[in-house]
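Peer 1: One structure, pasted below without further comment.
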Amino acid sequence: MVYHLIALIAGFLLDLLLGDPYWMPHPIRLIGRFVSAIERVLYKEGASASSMRWRGAALVIIVTGMSTACAVALIWACSMVNVWLATAVESVICYQMLATKQLKVESMKVHDALVAGSLDQARTNVGMIVGRDTADLDESEVAQAAVETVAENASDGVIAPLLFMAVFGAAGGVFYKSVNTMDSMVGYKNDRYRHFGTVAARLDDVLNWIPARVSGVLMCLAAAPVRLDAAGAWRIFKRDRKKHASPNSAYTEAACAGALGVQLGGSHYYFGKLVEKPTIGDALRPICAQDIVRANRLLYMTAFFGLVLCSCIAWCVMLCAGVFA
């Protein structure tokens, strides 16, 4: 367990240093390809709703089982050679389960385009990190989309995998991210995935229940050190944290909206269809490009607090493992 703690901290630091270089093979992309391959085998057009749910459950079992087993087997094989080799490999896996720097890199591309006065480029850049239609967004709406992405992914891209790795090691992070990846691919309430993606979506909700709430609280705590409105973060967090169709998504968005003093959420177009959503926060001022910078400062401080918390959790797990060994 000492080596798990070392790997957790090393992985966090590697993420801040390296981000997600495009040339580097990434396990999340491999999991995504695996999901697509298994989906092609299991998905059956015209099958009953019950059959599709069972097929979706099989997808979840196969993908999570194989992904987690590969991580466990790799770390175990390395440990048979040398414990430090296993620690180094686990550190790399932990690093690749986190997305702190990459969230900043991708969102700052939107900021830079807005500052340069290139609205079309900003729309293109934000379209790479959000699911909504971006072709007709104005500058404030583009900035809002980037801020919302940073806020929402603070949980499932940083704090949630940290929590799972703190308790279960790098393999726990792989398990979590495999479910999260499936949810992002098949967890839609459209004609194709309404039943097939049910199990993936429900499991993702369950796994994120605690991390989303922890992330929201950590983000409120992080507001003051980065000179944002901590009182506003707490106020909006308590008021608006449940204003989302997802049971988990609004927690960090509410904290971020309150810290920045802006309004997030609201209705947007997805694939040409208007989707009605409640607003989160108060529109004390228009959202601007600088709010993307502020959101990233908040993200980094939240991530740091998350590392401290998860290191303490990992230490407690280590002590418990020693007591019952």
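What follows draws every value from the coordinates through simple rules; no lab data is involved. Bear in mind the structure is a predicted one, so any value in this text is a computation, not a measurement. Methodologically, a virtual Cβ is constructed for each residue, glycine included, from the backbone with ideal geometry; neighbour enumeration extends over all protein chains shown.
Peer 1: Please report the orientation-averaged projected area of the range 1-93, defined via the convex hull of its C-alpha atoms, in nm².
Peer 2: Average of the hull's projected areas for the range 1-93 equals 7.9 nm².
Peer 1: Further question: Tell me the Kirkwood radius of the range 2-324: reciprocal of the mean inverse pair distance over distinct alpha-carbon atoms, in Å.
Peer 2: Over the range 2-324, the inverse of the mean reciprocal pair distance is 20.4 Å.
Peer 1: Now for a different question. Just subtract the alpha-carbon distance of VAL83 and ASP282 from 0.36 nm times their residue separation and send over the number in nm, one decimal.
Peer 2: Full-extension gain reported as 66.4 nm.
Peer 1: Evaluate E = 1/(1 + (r/R0)^6) for SER311 and PHE271, where r is the Cβ-Cβ distance and R0 equals 35 Å; express this FRET efficiency to the nearest 0.05.
Peer 2: FRET efficiency, SER311 to PHE271: 0.25.
Peer 1: I've got another one for you. Could you work out the relative contact order of the chain, using alpha carbon pairs under 8 angstrom and six or more residues apart, expressed as a whole percent?
Peer 2: After rounding, I find 22 percent.
Peer 1: Let me ask you something else. Going by average Cβ neighbours within 10 Å, how do the peptides 40-46, 84-90, 215-221 rank, with the highest at the top?
Peer 2: Per-residue mean Cβ counts within 10 Å order the peptides as 215-221, 84-90, 40-46.
Peer 1: At 7 Å along Cα-to-Cβ for each site, give me the label-to-label distance between ARG192 and LYS242 in nm.
Peer 2: 3.4 nm
Peer 1: What are the aspartates and glutamates whose alpha-carbon lies under 14 Å from the alpha-carbon of LYS109, with same-chain residues fewer than 8 places away excluded?
Peer 2: In chain and number order, the partners are ASP120, GLU139, ASP291.
Peer 1: What relative contact order, as a whole-number percentage, does the range 1-107 give when Cα pairs under 8 Å and 6 or more residues apart are counted?
Peer 2: 56 percent
Peer 1: While we're looking at this one, here's another question. About the Cα centre, and with charges only on the beta carbon of Lys, Arg (+1) and Asp, Glu (-1), how big is the dipole of the chain? Nearest 20 debye, please.
Peer 2: Computed about the Cα centre, the dipole is about 640 debye.
Peer 1: Right, next: List the aspartates and glutamates whose alpha-carbon lies under 18 Å from that of LYS44, not counting same-chain residues fewer than 8 positions away?
Peer 2: Correct list for LYS44: ASP191.
Peer 1: Put +1 on the Cβ of every Lys and Arg and -1 on every Asp and Glu Cβ in the chain; which of SER107, VAL126, SER178 then has its Cα farthest towards the positive end of the dipole?
Peer 2: Of the options given, the answer is SER178.
Peer 1: Next question. Place the peptides 73-80, 98-105 in order of packing, highest mean first, counting for every residue the other Cβ atoms within 10 Å and averaging per peptide.
Peer 2: 98-105, 73-80
Peer 1: Same structure again: Cross-link list LYS243/LYS273; LYS104/LYS189; LYS238/LYS277: which exceed 25 angstrom alpha carbon to alpha carbon?
Peer 2: LYS104/LYS189
Peer 1: How would you classify the range 1-45 from its alpha-carbon gyration tensor, with a ≥ b ≥ c the square roots of the eigenvalues: rounded for a/c under 1.5, else prolate if a/b is greater than b/c, otherwise oblate?
Peer 2: oblate
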